[in-house]
1. Residue check, residue 153 against (1) farther than 17 Å from residue 18 by Cα; (2) of a type in the set (Ser, Thr, Tyr); (3) in contact with a strand residue (DSSP E or B) (Cβ under 7 Å, 6 or more places away or on another chain), all met but one. Which one?
2. Could you grab me the full set of residues in the stretch 1-33 that are in a loop (DSSP other than H, G, I, E, B) and surrounded by fewer than 16 Cβ atoms within 10 Å (Cβ to Cβ)?
3. Residue check, residue 152 against (1) open to solvent by less than 60 Å² (accessible area, probe 1.4 Å); (2) among the aliphatic types (A, V, I, L, M); (3) under 19 Å from the mean Cα position of the chain (by Cα), all met but one. Which one?
4. Give the stretch 131-147 a look and list any residue that's in contact (Cβ under 8 Å) with a residue 24 or more places away in the chain and open to solvent by 100 Å² or more (accessible area, probe 1.4 Å), or say none.
5. Residues being open to solvent by 20 Å² or more (accessible area, probe 1.4 Å), among the hydrophobic types (A, V, I, L, M, F, W, C) and closer than 24 Å to residue 195 by Cβ: count how many of those fall in the stretch 99-108.
6. Is it the case that the stretch 175-182 has a residue that's buried (at least 20 other Cβ atoms within 10 Å of the Cβ) and more than 24 Å from residue 80 (Cα to Cα)?
Amino acid sequence: MSAPYVLVLYYSRHGATAEMARQIARGVEQAGLEARLRTVPAVSAECEAVAPAIPDQGAIFATLDDLKHCSGLALGSPTRFGNMAAPMKYFLDGTSGLWLTGELVGKPAGVFTSTSSLHGGQETTLLSMLLPLLHHGMLVLGLPYSENALLATRGGGTPYGPSHHAGTDGKRLLDEHEISLCRALGQRLAQTAQRLENVRG
């Protein structure tokens with residue numbers, strides 16, 4: 001059996017969500033667990049898939065086995081009209097086999113997002129990603145207000161999960177509060193996963 005890990009699964013078009021994923025992964029590792037970074041391919045407009053099996057750069061594509069064997073999950077997507085992006089929804093729609101066998105039941109999960117505007121649907125996107133996780137029986141973790149950055153942020157950040165305001169050109173970097181909240185989610189996921197692993201023994 002492999003060592004426990006938190007799967008940090010994301011889709012990113014312009015890089016902001018990918019950077020959030022890296023910060024969450026850092027939080028996971030600071031708490032003592034392996035972070036496994038994975039992405040999903042873009043949805044093709046063609047009838048058949050045309051993307052290469054391995055992306056040219058960045059994280060490799062996730063498999064259902066990555067999801068099945070994880071001890072915890074951080075799920076991230078940019079906002080598309082107040083919802084998760086189609087590639088992430090497409091991947092999640094293919095997880096019914098894991099749902100039928102209850103593979104994800106009782107595992108901790110959290111969500112994160114990036115938007116071009118402060119009021120571009122951050123919270124609805126986070127909630128849209130939580131719905132399939134609840135159907136899988138996962139234990140949803142948000143960010144408590146004991147995280148000081150949640151009270152101080154002037155960019156992204158919600159109790160439902162970390163968020164980032166990327167700006168209309170998509171070039172605004174994560175600020176100190178957004179980074180802090182990403183790492184906090186990673187730490188919470190890792191700590192919770194470790195406690196659950198110890199209980200299962």
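The values are calculated or read from the model by the stated rules, or taken from the named source; none is laboratory data. All values derive from a computational prediction rather than experimental measurement. We place every Cβ from the backbone using ideal geometry, glycine too, and count neighbours over all the protein chains shown. Note: areas computed on protein heavy atoms with side chains; ligands, DNA, RNA excluded. Shrake-Rupley method; radii C 1.70, N 1.55, O 1.52, S 1.80 Å.
1. The single condition residue 153 does not satisfy is (3).
2. Taking the stretch 1-33 first, the residues in a loop (DSSP other than H, G, I, E, B) are 1-4, 11-15, 31-33.
Residues satisfying the conditions are 1, 2, 3, 13, 14, 15, 32.
3. With respect to (1) open to solvent by less than 60 Å² (accessible area, probe 1.4 Å); (2) among the aliphatic types (A, V, I, L, M); (3) under 19 Å from the mean Cα position of the chain (by Cα), residue 152 is out only on (3).
4. 135 - this is the single residue of the stretch 131-147 that is in contact (Cβ under 8 Å) with a residue 24 or more places away in the chain and open to solvent by 100 Å² or more (accessible area, probe 1.4 Å).
5. The total comes to 1.
6. Yes, some residue in the stretch 175-182 is buried (at least 20 other Cβ atoms within 10 Å of the Cβ) and more than 24 Å from residue 80 (Cα to Cα).
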